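> My questions all concern the structure below.
The values are calculated or read from the model by the stated rules, or taken from the named source; none is laboratory data. Fair warning: this is a prediction, and the values are worked out from it, not measured in the lab. With ideal geometry, Cβ positions are generated from the backbone for all residues, glycine too; neighbour counts draw on all protein chains shown.
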Amino acid sequence: MSKKIEKHQKKIIYLIITCVFFVSIAYSFSFKIKPIVDAATYDNIAVNIAKGDGYPNEAIGRPGPGYEYFLAGIYLLFGHSYKAVWIIQSLLLSMTALFGFYITKIILGNEFHPAIGIGAVILIGLSPDFITIASLLMTETLTIFLLTGSILSALLYVKKNNNNYLALAMVGMGITSLVRGNMIIAILPVVGFLIYKKQWKRLIMSLIILGIVLTPWTVHNYRAFGKILPFNASPGLLYSGNHPGATGELITTFPLPQEIHEGMNQIEFDTALGKAGKRYILENPVEFLKLSMLRISIYFSAARPLAFWPHLTSFAKSVTIATSSLYAFIIFIGGLTGMVLSLRNPKNKEKKVMLIALAAMLPLAIAPLVIETRYRMPIYPILSTFTAFAIYYFITRKEELRKLIKPTIIVAGLIFANTAFDVIRNFDRILDRL
């Protein structure tokens with residue numbers, strides 16, 4: 001079986017990513033989900049841009065502008081067509097799965113077997129969460145595609161010591177941060193690697209490239225608001241997650257600080273909320289630390305399936321809850337176990353450490369703010385690659401089973417305990433959603 005997989009690996013991979021593409025399209029075309037709430041806002045902004053009216057100033061508090069311009073480009077080419085968006089997002093999902101194969105191949109080196117890469121492709125491409133989100137007009141599909149492609153470029157740079165890959169990684173991470181501003185944190189492991197290697201010229205080059213990518217939008221915002229804003233302005237999230245009565249999750253209604261008044265524009269409103277959030281944190285550092293830890297707990301809880309969308313009812317909702325929760329358990333346990341097992345081999349350690357560091361950055365990007373299930377999705381491709389490695393390791397190294405069981409039990413115990421803690425602490429909220 002192993003030799004057959006090696007011999008036909010390209011055909012198998014292309015077959016799987018083709019299946020991913022059509023499964024994703026089938027899901028989208030079956031439910032035909034119309035944009036509501038955030039999706040409706042992105043849609044309206046994109047229509048505005050496509051009509052030539054530009055990006056509305058009042059939308060500066062929304063994540064962007066990357067996804068809105070992405071949608072606008074589709075609308076310019078194909079008209080105001082949700083079907084075109086679904087097809088293109090299905091293609092992005094397929095490409096993300098393919099990126100996962102090559103990321104796995106690079107970080108494992110001589111430990112790599114095509115079966116591991118194929119496992120990563122399946123775990124990424126057929127993720128129930130990714131298939132669901134690709135059918136919606138939400139930022140996650142584009143964010144994950146760009147981030148995963150940027151990670152692949154960064155790892156290729158480490159492997160081949162080629163400036164072109166480093167430049168591509170920085171361009172990709174810059175564009176990713178224009179889709180979701182907090183993703184700028186992904187540059188830190190790359191910057192850390194350049195500092196560790198004392199590659200000062202490349203570090204300066206990287207920061208210049210990043211600056212060039214962010215300059216046009218920064219100039220646009222300065223002209224519109226008189227402030228230097230490399231991304232969209234959403235400092236208000238700091239208060240949304242850190243205020244009297246905060247739970248760590250996104251709460252739509254909360255007491256506004258006294259300095260908020262009706263005459264404020266979006267920038268003034270977000271700035272005032274951001275200042276109130278900073279003030280609350282400085283005055284309540286222990287509470288802030290507690291809320292941040294609770295957000296990390298929710299991040300790694302398998303009791304938070306991506307299943308609570310209006311288009312899901314009865315049987316479809318039950319299936320989504322079951323598959324999404326099971327998927328979370330598998331990649332959390334398998335991914336963290338795979339990280340531990342992969343570090344036992346010193347070869348390719350720099351690449352492994354960089355990828356693990358990138359994975360560590362992603363929960364930290366939202367720990368001070370608010371947490372929703374979809375906010376943790378950027379880490380899924382990384383966890384999927386290590387999960388595929390862990391599964392293959394268990395199957396092919398049965399003689400080391402005793403050594404393998406201990407780290408697995410520890411990781412599984414932590415994930416189960418954390419999930420149980422989340423369920424007990426938020427039982428009413430989880431029950432209400434179920």
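> Take region 142-167 and flag every residue that is part of a helix (DSSP H, G or I) and more than 19 Å from the chain's Cα centre (by Cα).
Once the filter is applied, which keeps residues that are part of a helix (DSSP H, G or I) and more than 19 Å from the chain's Cα centre (by Cα), region 142-167 yields L156, Y157, V158, K159, K160, N163, N164, Y165, L166, A167.
> If S28 satisfies every condition in (1) surrounded by 20 or more Cβ atoms within 10 Å (Cβ to Cβ); (2) more than 30 Å from S314 (Cβ to Cβ) but one, which is the exception?
Of everything listed in (1) surrounded by 20 or more Cβ atoms within 10 Å (Cβ to Cβ); (2) more than 30 Å from S314 (Cβ to Cβ), S28 misses just condition (2).
> Considering only region 214-232, state which residues are within 21 Å of the chain's Cα centre (by Cα) and buried (at least 20 other Cβ atoms within 10 Å of the Cβ).
Listed by number, the residues that qualify are F231, N232.
> Same structure again: Do we have E68 as touching a Phe, Trp or Tyr at 6+ places or on another chain (Cβ under 7 Å) and in a helix (DSSP H, G or I) here?
In short, yes.
> Can you list residue pairs whose Cβ atoms sit under 8 Å apart, with the first residue in region 297-325 being over 30 Å from T337 (Cα atoms) and the second being buried (at least 19 other Cβ atoms within 10 Å of the Cβ) and not hydrophobic (A, V, I, L, M, F, W, C)? Count only pairs 6 or more apart in sequence or on different chains.
Every condition considered, the pairs that remain are W309/T132; L312/T320.
> Please work out if V190 is closer than 22 Å to I356 by Cβ, part of a helix (DSSP H, G or I) and touching a residue at least 12 places away in the same chain (Cβ under 8 Å).
Yes.
So that you can scan it fast, the table gives a plain yes or no per residue for (1) out of contact with any Gly (no Cβ under 6 Å at 6 or more places or on another chain); (2) modelled with pLDDT under 80; (3) not acidic (D, E):
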{"residue": "L207", "(1), (2), (3)": "yes, no, yes"}
{"residue": "L210", "(1), (2), (3)": "no, no, yes"}
{"residue": "P216", "(1), (2), (3)": "yes, no, yes"}
{"residue": "H220", "(1), (2), (3)": "yes, no, yes"}
{"residue": "K227", "(1), (2), (3)": "yes, no, yes"}
{"residue": "G245", "(1), (2), (3)": "yes, no, yes"}
{"residue": "G248", "(1), (2), (3)": "yes, yes, yes"}
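> In region 350-434, which helices (runs of 4 or more DSSP H) lie fully inside it and hold 2 or more residues that are within 27 Å of F112 (Cβ to Cβ)?
380-396, 401-425
> Can you name every residue in region 376-428 that is of a type in the set (D, E, K, R) and either exposed (fewer than 13 other Cβ atoms within 10 Å of the Cβ) or in contact with a Lys or Arg (Cβ under 7 Å, 6 or more places away or on another chain) (or both)?
Passing the criteria: R397, K398, E399, R402, K403, K406, D428.
> Ok, one more. With respect to G100, is the statement that it is in a helix (DSSP H, G or I) and over 21 Å from the mean Cα position of the chain (by Cα) true?
no
> Further question: Scan region 258-295 for residues that are crowded, with 18+ Cβ neighbours inside 10 Å and closer than 29 Å to G334 by Cβ and jot them down.
L291, S292, L294, R295
> From the list I184, I116, I131, I122, which one is among the β-branched types (V, I, T), in contact with a Leu (Cβ under 7 Å, 6 or more places away or on another chain) and assigned to a helix (DSSP H, G or I)?
Being among the β-branched types (V, I, T), in contact with a Leu (Cβ under 7 Å, 6 or more places away or on another chain) and assigned to a helix (DSSP H, G or I) holds for just one of I184, I116, I131, I122, which is I116.
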